[in-house]
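Please read the structure below before turning to the comments.
Just so it is clear, none of the values below were taken in a lab; they were calculated from the coordinates. Given the structure is predicted, the values throughout are model-derived calculations rather than measurements. Backbone-built Cβ (ideal geometry, glycine too); neighbour counts: all protein chains shown.
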Amino acid sequence: MPELPEVETVRRGLLAHLRGRRIRSVRVLHERAVRRHLGGADDFQRVLAGRVVADVRRRGKYLWWALDDGDAVLAHLGMSGQFRVGAPPPAVIDTETGTDADTMHPHLRIRFVFDDGGPDLDFLDQRTFGGMIFAPGGAELPAAIAHIARDPLDPMFDPSTAIATLRRKHTGIKRALLDQTVVSGVGNIYADEALWRARLHFERPTDRLTRAQAAGALTAAIEVMTDALAAGGTSFDSLYVNVNGESGYFDRSLNAYGRENQPCPRCGAPIRRSAFMNRSSYWCPRCQRPPRA
DNA sequence: AGGCTGTCCTGCTAGC
DNA sequence: TGCTAGCAGGACAGCC
């Protein structure tokens with residue numbers, strides 16, 4: 001699942017592939033991939049033709065292509081979005097639509113073709129939670145994500161602000177870590193890993209955390225995401241890969257997430273899984289004591 | 001106003 | 001064997 005380390009890995013790959021290239025044409029194959037672009041697929045295709053990519057930037061889990069005219073193309077990978085360089089792999093025969101579906105990847109949503117005749121860029125997305133929009137004037141920061149907090153890899157990130165915001169909230173620590181307006185880039189996997197490292201239960205109330213505890217949770221989140229980035233991100237299945245289709249290997253370094261009933265690497269107690277926000281939280285019952293009710 | 005829940009979506013897997 | 005239910009979950013609309 002793409003969280004900050006995965007999105008940053010993709011950003012680096014995209015930058016190397018896209019910088020200085022002029023878009024010749026765009027083909028949207030699935031309307032849902034541009035559902036947040038107000039003009040729809042036709043407008044998205046039209047408005048991007050002829051544009052030149054100057055840079056690829058990121059805040060939290062969002063990334064955008066800064067165009068050389070000050071506009072931008074904003075993207076979110078959602079659960080399963082991928083940018084892939086070059087012609088995608090398997091042949092799938094689609095007898096419903098006929099056409100050239102038999103030569104295209106079944107999850108291909110948008111294809112970008114460039115003036116230089118070099119490799120295409122494909123946006124693939126199995127679960128279609130991801131998407132792209134055109135962001136006029138958004139090269140520095142698209143207006144659509146102005147509410148997203150700076151992430152820990154941002155040079156302007158201010159830990160003391162994030163700690164204060166966290167402690168002002170009236171909710172559980174994990175909800176707060178997942179709130180992209182507090183600190184961005186953290187998703188379910190790294191929230192669980194950060195809380196395991198910080199020895200805090202996911203339901204600990206934020207308004208009763210000491211400053212040191214809040215700082216500990218935040219520091220742990222920064223460390224685990226930095227470690228994961230160095231490993232190229234976390235891949236459980238084929239849903240997250242870099243622009244060349246390669247997996248990250250941080251899943252081998254996970255201590256809590258996805259390890260129900262396996263021993264805690266620190267104390268040996270079996271890791272537990274609890275329902276949380278229509279998903280799961282993994283935690284060590286000995287290292288991360290639940291708060292009193 | 002801020003916290004929280006429901007919803008979107010596909011494909012894999014566990015269980016009967 | 002074949003079906004279904006459950007699960008994975010980021011972000012936001014809309015509710016309270």
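A Förster radius of 22 Å combined with the Cβ-Cβ distance from A:R286 to A:S253 puts the calculated FRET efficiency at roughly 0.60. Dividing the summed helix terms, -39500 (n - 2.57) for each DSSP H run of n ≥ 4, by the number of residues in chain A produces a 222 nm estimate of -7500 deg cm²/dmol to the nearest 500. For the peptides A:36-43, A:250-257, the ranking by mean Cβ contacts within 10 Å, running from highest to lowest, is A:250-257, A:36-43. Between A:R19, A:R11, A:R109, the GNM of chain A built on Cα springs shorter than 10 angstrom shows A:R19 fluctuating the most. Going by neighbour counts of Cβ atoms within 10 Å, the residues A:Y249, A:Y240, A:Y62 line up, fewest first, as A:Y249, A:Y62, A:Y240.
Is the stretch A:140-293 best put as rounded, prolate or oblate by its Cα gyration tensor, with a ≥ b ≥ c the root eigenvalues, rounded for a/c under 1.5, and otherwise prolate when a/b is larger than b/c, oblate when not? It comes out oblate by the Cα gyration axes.
Provide the net charge surrounding A:V224, with neighbours chosen by a C-beta distance below 11 Å and charges set as Lys +1, Arg +1, Asp -1, Glu -1. Let's see the in-between values first.
Details: positive: A:R197; negative: A:E3, A:D192, A:E193, A:E223, A:D227.
Around A:V224, the surrounding residues sum to -4.
Were the residues from A:A212 through A:D69 laid out at 0.36 nm apart, the gain over their Cα-Cα distance would be 47.0 nm. State whether the stretch A:213-275 is rounded, prolate or oblate according to the following rule on the C-alpha gyration tensor (a ≥ b ≥ c being the square roots of its eigenvalues): a/c under 1.5 gives rounded; otherwise a/b larger than b/c gives prolate, and the remaining case gives oblate. Because a/c hits 1.5 or more and a/b fails to exceed b/c, the stretch A:213-275 counts as oblate.
Assign one of three labels to chain A, namely rounded, prolate or oblate, based on the Cα gyration tensor with a ≥ b ≥ c the square roots of its eigenvalues; rounded applies when a/c is under 1.5, prolate when it is not and a/b is larger than b/c, and oblate otherwise.
Numbers: a/c = 2.35, a/b = 1.68, b/c = 1.39.
Prolate, since a/c reaches 1.5 and a/b exceeds b/c.
Peptide packing for A:21-30, A:131-140 was compared via the average number of neighbouring C-beta atoms within 10 Å per residue; ordered from the highest value, the list is A:131-140, A:21-30.
Placing +1 on the Cβ of every Lys and Arg and -1 on the Cβ of every Asp and Glu, with nothing else charged, gives chain A a dipole about its Cα centre of roughly 1580 debye. Potential lengthening of the chain between A:M156 and A:D120 amounts to 9.6 nm, from the contour at 0.36 nm per residue minus the alpha-carbon distance.
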